[in-house]
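Right, one structure below, let's go through it.
The values are calculated or read from the model by the stated rules, or taken from the named source; none is laboratory data. Bear in mind the structure is a predicted one, so any value in this text is a computation, not a measurement. Cβ: placed from backbone, ideal geometry, glycine included. Neighbour counts: every protein chain shown.
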Amino acid sequence: MVTGGGDCPGLNAVIRAIVKRASKEKDWEVVGSIEAYNGILREPTEIMILDDAAVSGIHIRGGTIIGTTNKGGPFAWPVKLPDGTWGEADRSDEMLRKLQYLGIDAVISIGGEGSQRISQMLYEKGCNIIGVPKTIDNDLSATDVTFGFQTSVQVATEAVDKLVTTAASHNRVFILEVMGRYAGWIALNAAIAGGAEVCLIPEIEYDINKVLDKVNSRFSRDRGFAIIVVAEGARPKGGEFATNSIDQVVGYNNLKLAGAAARLKQELTMAGCKYDIRETVLGHLQRGGVPVAYDRVLATQFGVKAFEMVLEGKFGRMVNYRHPNVGSVSLLEAIEQYNFVKPDDALVTAARGVGISFGD
């Protein structure tokens with residue numbers, strides 16, 4: 001078993017469910033690779049035997065007891081070149097040989113879109129692998145929802161609730177930046193649940209003047225307040241993603257989104273906003289802490305289903321949820337389409353219905 005990508009509330013609940021379901025069968029042992037595939041690739045090997053004692057009570061804990069990483073991997077292992085720069089090496093064949101040597105019959109990969117792309121590549125090389133969808137961003141289209149998302153939305157909503165009281169007390173505009181990468185699901189749900197005035201998401205480019213108009217409508221005689229929820233991937237019309245190219249880490253190849261709230265504050269100021277603007281970046285608080293009940297239940301269902309797919313030999317597939325059933329889809333289908341918020345989505349319509357502006 002591996003947990004890859006960013007950490008996510010509910011990972012431990014999946015691990016626990018897999019182990020508990022496996023314990024009902026004879027001749028099955030579950031092991032976890034420390035920090036995704038790194039534990040298999042390192043010398044000495046870093047793996048952890050996962051039995052009932054190891055997983056007892058972990059479903060209420062955030063994070064993952066076997067660690068995770070979003071750097072490197074079997075197809076892009078960081079290597080230092082003779083000139084001192086860093087490059088990448090494909091160690092997938094070596095890893096597969098090592099899995100065979102260790103007597104591993106099947107791999108369950110718990111991860112998001114990037115992790116499941118690796119799963120598909122390993123499957124094409126002959127690995128008996130099954131995927132479990134994990135992401136707070138809810139950006140996998142092959143499943144109605146991913147575990148961890150509801151916990152993240154709850155954290156973001158609580159942040160909006162807290163910002164409302166301080167914004168009202170000081171007649172301020174507060175900008176809350178939330179995660180989600182290229183999908184606006186966290187921002188959209190938190191904005192509706194928290195009663196924000198403006199919600200800016202990657203799928204709908206915003207006009208700063210229309211954002212300002214909405215902000216101004218919230219003030220009378222310089223008294224009032226406004227809450228803006230902005231996704232980290234939100235962009236002005238014709239603009240680019242806000243990124244941070246300074247804090248680069250070896251082996252991390254994704255575009256590092258950062259600074260959407262700070263940019264928005266500057267844009268509002270330049271557009272003539274005369275009110276006090278403060279920004280709050282929620283950051284990794286959205287990933288940590290105790291998973292809500294919904295995510296624990298969904299993660300448990302996913303874990304049980306994943307092991308039963310191992311028993312049935314249904315490799316090259318990913319567990320999914322289509323209300324009200326937990327089933328599976330091929331890994332190819334799982335990674336085929338990104339789960340963007342559609343401009344005419346029912347949630348967007350509801351948000352507009354209660355007066356939330358998307359700046360368009």
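If you check Val329, Val348, Val292, Val354, which single one turns out to be in contact with a Pro (Cβ under 9 Å, 6 or more places away or on another chain) and modelled with pLDDT of 95 or more? I'd like the intermediate steps shown before the answer.
Numbers: Val329 fails: in contact with a Pro (Cβ under 9 Å, 6 or more places away or on another chain); Val348 fails: in contact with a Pro (Cβ under 9 Å, 6 or more places away or on another chain); Val354 fails: in contact with a Pro (Cβ under 9 Å, 6 or more places away or on another chain).
After ruling out the rest, the residue left standing is Val292.
Within segment 208-234, which residues are assigned to a loop (DSSP other than H, G, I, E, B), touching a strand residue (DSSP E or B) at 6+ places or on another chain (Cβ under 9 Å) and surrounded by fewer than 16 Cβ atoms within 10 Å (Cβ to Cβ)? Walk me through how you get there before you give the answer.
So the first thing to find is which residues in segment 208-234 are assigned to a loop (DSSP other than H, G, I, E, B), and the list is 217-218, 221-222, 225, 232-234.
Cutting the leftovers down to touching a strand residue (DSSP E or B) at 6+ places or on another chain (Cβ under 9 Å) gives us 217-218, 225, 232-234.
Hit for segment 208-234 is Ser217, nothing else.
This table checks each residue for (1) under 21 Å from the mean Cα position of the chain (by Cα); (2) over 18 Å from Leu257 (Cα atoms); (3) without any contact (Cβ under 8 Å) to a residue 24 or more places away in the chain.
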site: Ala190; (1), (2), (3): yes, yes, no
site: Ile201; (1), (2), (3): yes, no, no
site: Val211; (1), (2), (3): no, yes, no
site: Ser220; (1), (2), (3): no, yes, yes
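Return the only residue of Ala271, Ala306, Ala293, Ala258 being within 22 Å of the chain's Cα centre (by Cα) and not assigned by TED's automatic domain parsing to the domain that holds Asp139. So that I can check it myself, show each step before the final result.
Working: Ala271 fails: within 22 Å of the chain's Cα centre (by Cα); Ala306 fails: not assigned by TED's automatic domain parsing to the domain that holds Asp139; Ala293 fails: not assigned by TED's automatic domain parsing to the domain that holds Asp139.
Testing whether each residue is within 22 Å of the chain's Cα centre (by Cα) and not assigned by TED's automatic domain parsing to the domain that holds Asp139 leaves just Ala258.
Taking each residue of segment 69-87 that is within 23 Å of Leu11 (Cα to Cα) and looking for partners that are among the aromatic types (Phe, Trp, Tyr) with beta-carbon atoms closer than 7 Å, six or more apart or interchain, yields Asn70/Tyr252; Lys71/Tyr252; Gly73/Tyr37; Pro74/Tyr37.
Looking only at segment 24-63, count every residue that is of a type outside the set (Asp, Glu) and surrounded by 15 or more Cβ atoms within 10 Å (Cβ to Cβ) and tell me the total. Break it down stepwise before answering.
Taking segment 24-63 first, the residues of a type outside the set (Asp, Glu) are 24, 26, 28, 30-34, 36-42, 44-45, 47-50, 53-63.
Okay, now just the ones that are also surrounded by 15 or more Cβ atoms within 10 Å (Cβ to Cβ), so 28, 30-34, 36-41, 47-48, 50, 54-55, 58-59, 61-63.
So the answer is 22.
Cβ-Cβ contacts under 9 Å between residues 6 or more apart (or on different chains), taken from a first residue in segment 254-272 that is under 16 Å from Lys237 (Cβ atoms) to a second residue that is exposed (fewer than 14 other Cβ atoms within 10 Å of the Cβ) and of a type in the set (Gly, Ala, Ser), are listed as Arg263/Gly239. The criterion of at least 3 residues that are within 29 Å of Val14 (Cβ to Cβ) is met, among strands (runs of 3 or more DSSP E) falling completely within segment 257-357, by 317-322, 325-330. Every listed requirement among (1) crowded, with 21+ Cβ neighbours inside 10 Å; (2) among the hydrophobic types (A, V, I, L, M, F, W, C); (3) modelled with pLDDT of 95 or more is met by Cys8 save one, (3).
Counting only helices (runs of 4 or more DSSP H) that sit wholly inside segment 23-129, those with at least 2 residues that are closer than 30 Å to Thr151 by Cα are 38-41, 52-55, 113-124.
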